[in-house]
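The next block holds one structure in the form of structure tokens; read it before the comments.
The values are calculated or read from the model by the stated rules, or taken from the named source; none is laboratory data. Computed from a predicted structure; not experimentally measured. All Cβ positions, glycine included, derive from the backbone under ideal geometry; neighbour counts span all protein chains shown.
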Amino acid sequence: MIEQLEPVSGAHFAFTDRWGGVSAVPYEELNLGGAVGDDPEAVRTNRARAAGALGLDPGRVVWMNQVHGPDVAVVDAPWGERPVPAVDAIVTARHGLALAVLTADCTPVLLADPVAGVVAAAHAGRPGMVAGIVPAAVKAMIELGADPARITARTGPAVCGRCYEVPAEMRAEVAAVEPGAFAETSWGTPAVDVTAGVHAQLERLGIRDRQASEVCTRESGDHYSYRRDRTTGRLAGYVWLDGYDGP
């Protein structure tokens, strides 16, 4: 159900697959996305199950209204009754407050500087990667005391460059902004590798401790893929720090 990566000095990283939940076809089983047409009660149950499997309080998991943009929110508590903002990265310096990012082909990016006590989660699709959502998230972390030399970066399951076919003009536009994203499909047509582009950006920012999932969502039947299935669920990536400093 959930791949929990090796913690780094009290920073935790996890990525879900599609199994272990209660959603029905075509969202089976562990859909965590609340805006894809699934039964809201099933999504709530799935989110509670995933949080419980990670030892988290579901009420202290912060979600986003993701829009493929460059905006970042700094949070110090769950949204509660407040509107969930339209952002593609969230950052916190609160221990025990988990940040979540939803994906179904886009690259989920989890970042942590345990020394500064700062973590971030970012949603890097092709438009967001080009718009600079990951550098924006790192900038917000630095403003809270993080140091790129100490930041750990983990990216989760996403569509790979061998599968993400795009028109040649689009590939050229993306590569003009981020050359590291230039790719070709396994069948020889123009493609974009968003994860490679994200890691190129992280490297330029001075982040050396980086790991990428080897899972391609389009190729894996254990993961949701919008490009493969269109109507489908959403995976989640989670990042948090040990401890609790409220609220």
Just one of the numbered conditions (1) under 26 Å from residue 128 (Cα atoms); (2) surrounded by fewer than 21 Cβ atoms within 10 Å (Cβ to Cβ) is not true of residue 13; which one?
(2)
Criterion first (in contact (Cβ under 8 Å) with a residue 24 or more places away in the chain, in a loop (DSSP other than H, G, I, E, B) and farther than 19 Å from residue 43 by Cα) does residue 70 satisfy it?
yes
Do we have residue 174 as buried (at least 21 other Cβ atoms within 10 Å of the Cβ), within 18 Å of residue 64 (Cα to Cα) and at pLDDT 95 or above here?
no
Could you list, in sequence order, all residues of the range 1-33 that are in contact with a Pro (Cβ under 8 Å, 6 or more places away or on another chain) and either free of Cβ contacts under 8 Å to residues at least 12 places away in the same chain or not in a loop (DSSP other than H, G, I, E, B) (or both)?
8, 11, 13, 15
For residues that are free of Cβ contacts under 8 Å to residues at least 24 places away in the same chain, in contact with a strand residue (DSSP E or B) (Cβ under 9 Å, 6 or more places away or on another chain) and in a loop (DSSP other than H, G, I, E, B), scanning just the range 74-95, find the one that is nearest to residue 140 (Cα to Cα).
87
Could you identify the single residue in 124, 112, 137, 89 that is in contact with a Cys (Cβ under 9 Å, 6 or more places away or on another chain) and either at pLDDT below 95 or of a type in the set (A, V, I, L, M, F, W, C) (or both)?
124
Filtering the range 37-67 down to residues that are assigned to a loop (DSSP other than H, G, I, E, B) and in contact with a Phe, Trp or Tyr (Cβ under 9 Å, 6 or more places away or on another chain) yields 37, 38, 39, 54, 56, 63
Taking first residues from the range 96-121 that are within 17 Å of residue 197 (Cβ to Cβ) and second residues anywhere that are of a type in the set (Asp, Glu), the pairs with Cβ under 9 Å that are 6 or more apart or on different chains are 101/88
I need the full set of residues from the range 233-247 which are assigned to a loop (DSSP other than H, G, I, E, B) and either within 22 Å of residue 1 (Cα to Cα) or modelled with pLDDT of 95 or more (or both), in order please.
233, 234, 242
Only one of 70, 114, 78 is over 17 Å from residue 235 (Cβ atoms), surrounded by fewer than 24 Cβ atoms within 10 Å (Cβ to Cβ) and in contact with a Ser or Thr (Cβ under 8 Å, 6 or more places away or on another chain), namely 114
Being crowded, with 24+ Cβ neighbours inside 10 Å and polar (S, T, N, Q) is the filter here; which residues of the range 119-171 pass it?
155
Return only the number of the condition from (1) of a type in the set (A, V, I, L, M); (2) under 30 Å from residue 9 (Cα atoms); (3) touching a helix residue (DSSP H, G or I) at 6+ places or on another chain (Cβ under 9 Å) that residue 183 does not satisfy.
(2)
Could you grab me the full set of residues in the range 217-232 that are among the small types (Gly, Ala, Ser) and either within 17 Å of residue 1 (Cβ to Cβ) or surrounded by fewer than 21 Cβ atoms within 10 Å (Cβ to Cβ) (or both)?
220, 221
Answer yes if at least one residue in the range 43-60 is more than 19 Å from the chain's Cα centre (by Cα), farther than 15 Å from residue 240 by Cα and of a type in the set (Val, Ile, Thr), and no otherwise.
yes
Return the residue satisfying two criteria in turn: it lies in the range 165-220 and is aliphatic (A, V, I, L, M), assigned to a helix (DSSP H, G or I) and more than 15 Å from residue 124 (Cα to Cα), and of such residues it is farthest from the chain's Cα centre (by Cα).
168
